[in-house]
1. Please say if segment 75-125 is rounded, prolate or oblate, where rounded means a/c under 1.5 for a ≥ b ≥ c the square roots of the C-alpha gyration tensor eigenvalues, and otherwise the choice is prolate for a/b larger than b/c and oblate otherwise?
2. Can you tell which of Q257, N187, M247 lies farthest toward the positive end of the dipole of segment 170-264, using +1 and -1 charges on the Cβ of basic and acidic side chains (Lys, Arg; Asp, Glu)?
3. Quote the charge dipole size of the chain about the Cα centre in Debye, to the nearest 20; the model charges only the Cβ of Lys and Arg (+1) and of Asp and Glu (-1).
4. Using a Gaussian network model on the chain with a 10 Å cutoff between Cα atoms, which of P246, P256, P198 fluctuates the most?
5. What is the distance in Å between the Cα centres of segment 260-292 and segment 83-123?
6. By the gyration tensor of its Cα atoms, with a ≥ b ≥ c the square roots of the eigenvalues, what is the shape of segment 21-79: rounded for a/c under 1.5, prolate for a/b over b/c, or oblate?
7. For segment 28-137, what are the per-bin percents of Cα-Cα distances with bins 5 Å wide, up to the bin holding the maximum?
8. For the peptides 134-141, 103-110, 145-152, what is the packing order when you average, over each peptide's residues, the other Cβ atoms within 10 Å and list the highest mean first?
Amino acid sequence: MTAFQNSEAELRRIHRRKRINSFAHGLFFASTTVGVIALATLLIQVVSQGAGWLDWSFLTEFSSRIPSNAGIKAAFFGTLWLMAITAPLTFMIGVSTAIYLEEYAKDTKISRIIQTNISNLAGVPSIVYGLLGLTIFVRFLNFKDSILSGALTMTLLVLPIIIVAAQEAIRAVPVSLRHASYALGTNRWQTILRVVLPSAFPGILTGSILSLSRAIGETAPLIVIGAVGYVAFTPTSVFDRFTVMPMQIYTWASQPQAEFQNVAAAGIIVLLIMLLGMNAFAIYLRNRFQRK
């Protein structure tokens, strides 16, 4: 083969790579555009429907059969109660499990089975966790349809996500940092506490954001354990009955009156604001630890 033929073959390969690169660029851009347009359309529709119904009385009144008198107070406080129990429980159990699996557990057949099951549990449908919560917390432990039953069920639901995310974050900490810590005379627990966890904390917080975002928007498990769609009081203890914002929104959206669709949209706006507030706080904490 002559030098001219070699240069022509090289040019064809370069052109083929450029065409593939252009195709991949266009495909990814189109995928991103579709997602952004769908999200923007949804947000515009929700805001246009619900903004006019969002006022102070909507936040401070209980739900009602009359759309203009309906409020989200009970569901708002029910969601706060639920997240106040679910978030710390999930974080403590999830991170502790991840530390044990990554730093202490030996690579045995049993530990690999546990690891595989935890990964599989992250993909189990939420309705299954609702049935599990109904069996264990509502009937066996007799917590009934209380906030505690709901919070423990949601903890089971999001726990695998936090464990997997925390494991990935801990695994990403360079081994050289651990060796440097041991070289200074620290033991394993001191190394975990002062070196591994601070380095892995931004990743752990990212997993926590994702899991709690799922918990705050779930409805199916709470319906199964008996949470109600209408409550005319704010909970005062973990054993009170409750409702949450996704359930309240679902109840309004299923009403035949057209005005309730606008009330449901106003509820979605409140839910989104709460979710974005939680995410912003977690991102602030993550960035603060990343700078250290």
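The values are calculated or read from the model by the stated rules, or taken from the named source; none is laboratory data. Predicted model, so just to flag it, every value in this text is computed and none were measured. We place every Cβ from the backbone using ideal geometry, glycine too, and count neighbours over all the protein chains shown. When the accessible area is computed, the model is the full protein with side chains, heavy atoms only, and any ligands, DNA or RNA have been set aside. Shrake-Rupley method; radii C 1.70, N 1.55, O 1.52, S 1.80 Å.
1. Note, shape of segment 75-125 comes out oblate.
2. So the residue we want is N187.
3. Once rounded to the nearest 20, the dipole reads 1100 debye.
4. Of the options given, P256 has the highest mean-square fluctuation.
5. Taking the Cα centre of segment 83-123 as reference, the centre of segment 260-292 is 26 Å away.
6. Details: a/c = 5.43, a/b = 3.29, b/c = 1.65.
The shape class here is prolate.
7. 2, 8, 8, 11, 12, 13, 14, 13, 9, 5, 3, 1, 0
8. Top of the packing list down: 145-152, 134-141, 103-110.
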